[in-house]
Amino acid sequence: MLKRSCGLRLAASTALALLACGGAGAADSLDPANPGTVKIGSLVFGDNRFNDFSVRFGGLVSFGNGVATRTYDSLDLTKSPPQLTIASISVGGQTYTDVVITVTDITSPPTSSGPVTDLVPNDPLFVDQWHLKNTGQPGRDGVAGKVGEDINVGRAWNYATGTGIQIAVIDDGLDIHHEDLKIVAGKSWDYRTNAYGDPSSSASPHGTSCAGLAAAKGNNNLGATGIAFNASLVGYNLLSATTGEYGADSVTKDLVSNHIYSNSYGATDGNGLLAPSDAAWRAAIDTGTTTGRNGKGSIYTWAAGNGNGGNDRSDYDGQANYQGVLAIGSLNDQGLRSSYSEQGSNVLVMAFGGEFCSTHTTTTVDVSGATGYNDGTTKHDDYAGQPNYTRCMNGTSAATPEASGVVALLLEANPALGWRDVRAILAGTARKNDPANPDWVTNGAGLKVNHNYGFGAIDATAAVKAAPTWKSIPAQKTFTAAADIATPLPIADDGAAVTSSITVANSGITNLEFVDVNFTSDHTEVGDLEITLTSPAGTRSTLAVTHGCVNPTTSAAVPCGATMANGVRFGVVRLLGEAADGKWTLSVRDGKAGATGAVVGWNLKTYGY
């Protein structure tokens, strides 16, 4: 039981001296001249900040377990009486967190108020981080970025900074000793020994740079700024393991403590080959989304892939197109799809990877010392004298941890969000970038969507502002229906498309979240095929296009083969919010002369509520 302090009664025998942090770092306190009155230093409410006002305290509602989950105070006027949540309180030398009190009235008005403005971190490399704040910074080629083409996080930092959120970076390694990363001691995993340990590798900087984009420490007058700059990190060096057997293990490790798993890897890029996921990995993702975060579901961000160039689509990657992950594409500093970023019906949203180091890429941390991307002396495109940092991180590999950072902000702003809530918020608040692109359509739920961009560029501020009042999505339902194909449907060689339909009825799903298309064809050269799905609302989703395949080692042209003979699954997220009931049509066309085959069968599995 807490002792009385300063005469402020919180419960029958409980009183607290308030020394909490306000929204902008200003202190809250008990007003000694007015017992029962709390002086608020600064509080963000809606789009405005209110400074130096007092409220009369009614009673204690709850307080946390001592682990900070927020960096700001908040006032909830929807409750009766209104409730004030104070981030952190020191009582007799002990800190209590997330203290919620009722408020009976405002006893003195704010001394000042005004609109919330962007927080500008004091980290010296922040000025180069165009993906956080694009002011038109030029790249190494001298071409200026397009002002405003960024993740719009500055204002979001008034509401959340990732405090209390833990991100697992599954990659080639993580420099757990880096000066600018907040690492959870003893909880990283070394797959070289398959035990808790040090996953660092001076020869493997990729994961460290990803971690910095997600959560490099911010406002510490050092280096770069991460999107969730108060979040904690662990590293799992899956890609440094000598075998590939640990993929399923990595996405379920420490489900109790990890909120987000950031995955900047995937199928081999550029070869055009189908890359199905294995059953053990899918089962592991399902375990994470159902049991992670105490049943609210772990969030898995996944790189959409860097193989664009005529051969690859993210649709072909059985991990990136799985319904339990969020596939993230990459934009450059002009707000256009990065030249390497793969298209797909599975792509949810876009973050920023830039193009190449010789033009403009992202600034983040590097492994400590002279190894890694930047040795500080010989890399003319990189930072001289700063080997712990690099401006040469790119790819959907860079975009994915940025999305992880935004998710961390959402979970701080509203810890009750389920993983499916996070997906819906990111899609619904995304910004329509590159508006002149002809692929933009409005789906049956009124959402703008594009095979190049998913639902658009992540808007961190819009997403974070939506989070606190978000109403949780109901429990997910699934419904499966198969096409009635008694005999295979021949596909004309380099001719007209063959179509097949499924009518879904009584599914109970009025808001789709995802659709699996399981397709089987005996066509001897699947690279010839163009496959599209049309939903009952009329939204078309491209699942495959006519393309070539190459040997991933030699880059020599090779047949794509009959790899759909045993069935292949495609995943579609672009129908978010549509109804499942109605006529679904699959269209298959052979776009090259030569090889032939038929549609053997297909079915749908719809997910939604």
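The values are calculated or read from the model by the stated rules, or taken from the named source; none is laboratory data. Worth saying up front: this structure is predicted, and the values here are computed from it rather than measured. Every residue, glycine as well, gets a Cβ built from its backbone with ideal geometry; the counts of neighbours run over all protein chains shown. With ligands, DNA and RNA removed, areas are computed over all heavy atoms of the protein, side chains included. Shrake-Rupley method; radii C 1.70, N 1.55, O 1.52, S 1.80 Å.
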Original post:
For the charge dipole of region 165-218, defined by +1 on Lys and Arg C-beta atoms and -1 on Asp and Glu C-beta atoms about the Cα centroid, which residue among P205, A216, G173 has the Cα displaced farthest towards the positive pole?
Top reply: A216
Subject >> Charge dipole (debye, nearest 20) of region 122-272; +1 at Cβ of Lys and Arg, -1 at Cβ of Asp and Glu >> reply: 400 debye
**OP:** Would you mind working out the magnitude of the charge dipole of region 473-609 relative to its Cα centre, with +1 at each Lys and Arg C-beta and -1 at each Asp and Glu C-beta, to the nearest 20 Debye?
**Re:** 340 debye
**OP:** Could you please put F50, F229 in sequence from largest to smallest accessible area, using a 1.4 Å probe?
**Re:** F50, F229
Original post:
Any idea which of A275, C357, A303 is furthest toward the positive side of the dipole for the chain, if Lys and Arg beta-carbons carry +1 and Asp and Glu beta-carbons -1?
Top reply: A303
**OP:** Rounded to whole Hz and in sequence order, give me ³J(HN,Hα) for region 329-340 from the Karplus expression 6.51 cos²θ - 1.76 cosθ + 1.60, θ = phi - 60°, writing x for Gly and Pro.
**Re:** x, 10, 10, 9, 6, 9, x, 9, 4, 4, 4, 8
Original post:
So how tilted is helix 396-413 from the main axis of the chain? Cα-based, degrees 0 to 90, rounded to 10.
Top reply: 40 degrees
Subject >> With Cα atoms, 0 to 90° folded angle of helix 279-291 axis to the chain main axis >> reply: 30 degrees
Original post:
Among the lysines, which have Cα under 18 Å from the Cα of K448 when same-chain residues fewer than 8 positions away are ignored?
Top reply: K432
Original post:
In the full protein assembly as shown, how much of R155 is accessible to a 1.4 Å probe, in Å² to the nearest 10?
Top reply: 100 Å²
Original post:
Any idea what the relative contact order of the chain is, in percent, if you count C-alpha pairs under 8 Å spaced at least 6 apart?
Top reply: 11 percent
Original post:
Suppose every K and R has +1 on its Cβ and every D and E has -1 on its Cβ; what is the size of the dipole of region 412-532 about the Cα centre, in Debye to the nearest 20?
Top reply: 1000 debye
Original post:
Considering only protein heavy atoms, what per residue accessible area in square angstrom results for the chain with a 1.4 angstrom probe?
Top reply: 37 Å²
Subject >> Crossing angle, helix 206-215 versus the chain [Cα axis fit, 0-90 degrees, rounded to tens] >> reply: 40 degrees
Subject >> Whole-angstrom gap from region 166-214 to region 557-598, using each part's C-alpha centre >> reply: 38 Å
**OP:** With the full set of protein chains in place, find how many percent of the accessible area of the chain is carbon and sulfur; take the probe as 1.4 Å.
**Re:** 53 percent
Original post:
So, in Å, what gap is there between the alpha-carbon centers of region 328-349 and region 385-420?
Top reply: 16 Å
Original post:
Per-residue HN-Hα couplings for region 477-485, Karplus 6.51 cos²θ - 1.76 cosθ + 1.60 at θ = phi - 60°, whole Hz, x for Gly and Pro?
Top reply: 10, 10, 8, 10, 9, 10, 6, 8, 10
Original post:
Which residues make up the longest stretch of the chain that has no GluC sites (Glu not before Pro) in a DSSP loop with at most 14 other Cβ atoms within 10 Å?
Top reply: 246-609
**OP:** Would you mind telling me the antiparallel percentage of the DSSP bridges in the chain, rounded to 5?
**Re:** 75 percent
**OP:** Step through the table entries K182/K477; K187/K471; K79/K217; K133/K182; K146/K296; K146/K253, compare each Cα-Cα distance with 31 Å, and write down the pairs that go over it.
**Re:** K182/K477; K187/K471; K79/K217; K146/K296; K146/K253
Original post:
When ranked by the protection proxy of mean other Cβ atoms within 10 Å per residue, highest first, what sequence do the peptides 125-135, 477-487 form?
Top reply: 125-135, 477-487
**OP:** Normalise the Debye intensity by I(0) for the chain, one equal point scatterer per Cα, no solvent, then take log10 at q = 0.05, 0.07, 0.10 Å⁻¹ and round to two decimals.
**Re:** -0.23, -0.45, -0.88
Original post:
Of A497, T243, I151, which is farthest on the positive side of the dipole of the chain, counting Cα position, with +1 on Lys and Arg Cβ, -1 on Asp and Glu Cβ, and the Cα centre as origin?
Top reply: I151
